[in-house]
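The values are calculated or read from the model by the stated rules, or taken from the named source; none is laboratory data. Keep in mind that what you see is a predicted model, and the values were worked out from it rather than measured. For neighbour counting, all protein chains shown are included, and Cβ atoms are generated from backbone atoms with ideal geometry for every residue, glycine included.
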Amino acid sequence: MSEFAALADAFLDELWQDSPVLATQLGVEGFDDRLDDLSESSFEQRRRRSAAWLERFDQLPDTACQSLDDRLDRDLIRSQLRGRAIVEDWLMWRRQPETYLNPGLGGVFNLFLHRLKPDAELVRAAVSRLRAIPRLLEDGRANLKAELAPRLYVERAIRQAHAGARYMGEILPNEVEDAQLRAQLADWGGIASGAMQVYAAWLEESLLPNAMGAYAIGAERYSGLLREKELLADDVVSLRERGRREYDRLADELRGLARVIGQTDDWQRVLRDLNQHHPDTPEAMLQTYADWTARARQFLIDRELVSLPPGEECSVEPSPLFQRPVTAVASYNSPPPFSSAMRGHFFVPFPPDGASAEEVQQRLENNSFASIPTTSVHEAYPGHHWHLVVAKANPSRVRRTLRTPYLTEGWGLYAEHVMREQGFFTDPRQEMSQVEATLFRAARIIVDTSLHIGDMSFDEAVEFMRTRANLPEPTARAEVARYCAWPTQASAYLTGCLEILRIRARYLADRRGTLRDFHNTLARSGGLPIALAEQATLAGSVV
């Protein structure tokens with residue numbers, strides 16, 4: 001074992017100890033009955049240890065690494081640690097109430113999502129986590145500061161807490177058939193549900209009336225994350241200009257398609273008309289997504305665009321109850337990288353419980369017959385599902401643990417591009433929806449960068465996404481709230497896609513292999529920052 005490998009193993013072991021919910025998501029054994037410690041002292045200890053780890057990895061010379069793969073893993077760890085350091089002073093754990101909801105909700109939900117163990121073991125682990133949820137929420141009440149917490153963060157968390165309470169109290173017991181096990185989940189789920197309702201009431205009555213914090217992280221932090229964590233050449237200003245150029249280019253392309261479909265230059269009107277043709281119910285929407293997911297998989301086989309790993313499977317399901325109030329778009333949950341599981345979960349964006357008829361209608365309009373093929377490609381084949389089940393084959397523990405959205409979300413958008421390029425979208429209306437989806441990602445870059453450097457207010461951002469990205473009002477508001485809560489992530493999609501296309505051009509120009517070879521090589525390298533993924537792909541570094 002190289003000096004780097006020993007140090008990396010120690011780093012990962014500590015990471016999993018600090019983040020047992022992450023360990024469960026990864027399929028690492030031994031952590032399923034624990035939740036993260038989110039006390040004030042724990043945050044301070046992690047800050048000190050993270051700084052110490054960065055210093056150790058920064059001082060590690062190339063000679064301590066036995067191979068290019070070791071060096072890539074070292075630089076991946078360093079990029080993650082530098083990203084932490086850049087936002088450390090922002091104190092998100094004092095601003096974001098969801099910090100204290102997500103581990104309990106995700107920690108219990110993921111146990112039953114993948115079902116890697118017998119029901120009795122899953123229930124035992126779930127009960128242990130359910131018992132810890134009140135303590136987690138107490139930490140939230142102690143740590144959150146009204147002068148730092150943005151009002152919109154609190155409003156999002158209130159909706160999620162209410163939905164999470166219903167999940168814990170009503171839905172969770174139905175995960176098992178055995179009456180005794182179901183009773184245990186009902187008892188402890190009821191206690192956790194009550195704790196979430198108490199937390200929601202505290203957010204509503206105590207935190208929300210006084211919340212006055214900022215969500216904009218500022219140009220220096222945003223640019224630092226782009227350069228030090230994502231290893232990109234852009235800063236926040238140049239990235240916004242890149243987004244604007246792409247938006248203008250894509251708007252021109254949409255005008256051309258609008259002329260073909262509607263004999264008009266008014267592409268937004270044509271898209272609004274397309275949105276009126278959609279499944280009649282959320283259940284019909286689910287079936288349409290399942291049908292297109294199967295078609296996309298078969299297209300990959302017929303065109304030999306990728307190699308499909310043996311045993312892989314993508315299940316198309318309604319989005320989890322507790323995610324619906326805060327996530328208005330489709331999402332994907334990959335099989336745990338450290339497990340033998342090969343079944344991923346593609347979540348279709350169902351409306352939240354209690355949504356008005358108008359809100360349900362708008363959610364359906366945002367999932368039209370023209371747009372569903374593109375989303376299916378992005379989330380499943382050859383998008384996130386294919387990429388992440390292939391990435392499981394990389395033996396590096398570091399790369400199975402850490403990844404960046406600039407590669408993974410960039411890959412999802414690239415998947416849309418390559419499927420259009422290869423002829424999967426046979427109807428101009430489907431092509432127009434795919435171009436719109438790309439323009440939507442350009443709009444995300446413009447809005448995300450502008451929000452976080454203070455050049456655009458929340459309401460201005462909602463109006464931009466509604467009028468310039470063709471989103472219904474509720475979806476636009478949910479999208480912008482997400483950007484405020486997750487700086488730089490929204491910019492990952494188109495930025496990553498453009499970088500992957502650049503790497504592909506280099507790979508194919510050097511005659512290194514076929515398009516399928518490129519796809520397989522890049523996917524197997526994991527979810528590295530773009531600069532590292534380029535090194536791995538051009539070197540053929542797939543172990």
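What are the residues in segment 221-276 that are outside any helix (DSSP H, G or I) and either under 27 Å from the mean Cα position of the chain (by Cα) or touching a residue at least 40 places away in the same chain (Cβ under 8 Å) (or both), if any?
Residues of segment 221-276 that are outside any helix (DSSP H, G or I), as a first pass: 230-235, 263-266, 276.
Result: Glu230, Leu231, Leu232, Ala233, Asp234, Asp235, Gln276.
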Name, by its number, the condition in (1) modelled with pLDDT of 95 or more; (2) assigned to a helix (DSSP H, G or I) that does not hold for Glu170. (1)
Given (1) over 30 Å from Thr537 (Cα atoms); (2) touching a Phe, Trp or Tyr at 6+ places or on another chain (Cβ under 8 Å); (3) of a type outside the set (Ser, Thr, Tyr), number of the condition Cys497 does not satisfy: (1)
For segment 504-543, give me each residue that is of a type in the set (A, V, I, L, M) and crowded, with 20+ Cβ neighbours inside 10 Å. Leu522, Ala523, Leu528, Ile530, Leu532, Ala533, Ala536
Tell me which helices (runs of 4 or more DSSP H) are completely within segment 351-426 and hold 3 or more residues being under 16 Å from Val306 (Cβ atoms), or say none if there are none. 372-379, 384-391, 405-421
Looking at segment 309-333, which of its residues are closer than 15 Å to Val377 by Cβ and in a loop (DSSP other than H, G, I, E, B)? Val329, Ala330
Identify all residues within segment 28-49 that are surrounded by 14 or more Cβ atoms within 10 Å (Cβ to Cβ), assigned to a loop (DSSP other than H, G, I, E, B) and not polar (S, T, N, Q); write none if there are none. Val28, Phe31, Asp32, Asp33, Arg34, Leu35, Asp36, Asp37, Leu38
Within segment 361-397, considering residues that are in contact with a Phe, Trp or Tyr (Cβ under 9 Å, 6 or more places away or on another chain) and aliphatic (A, V, I, L, M), the one surrounded by the most Cβ atoms within 10 Å (Cβ to Cβ): Val377
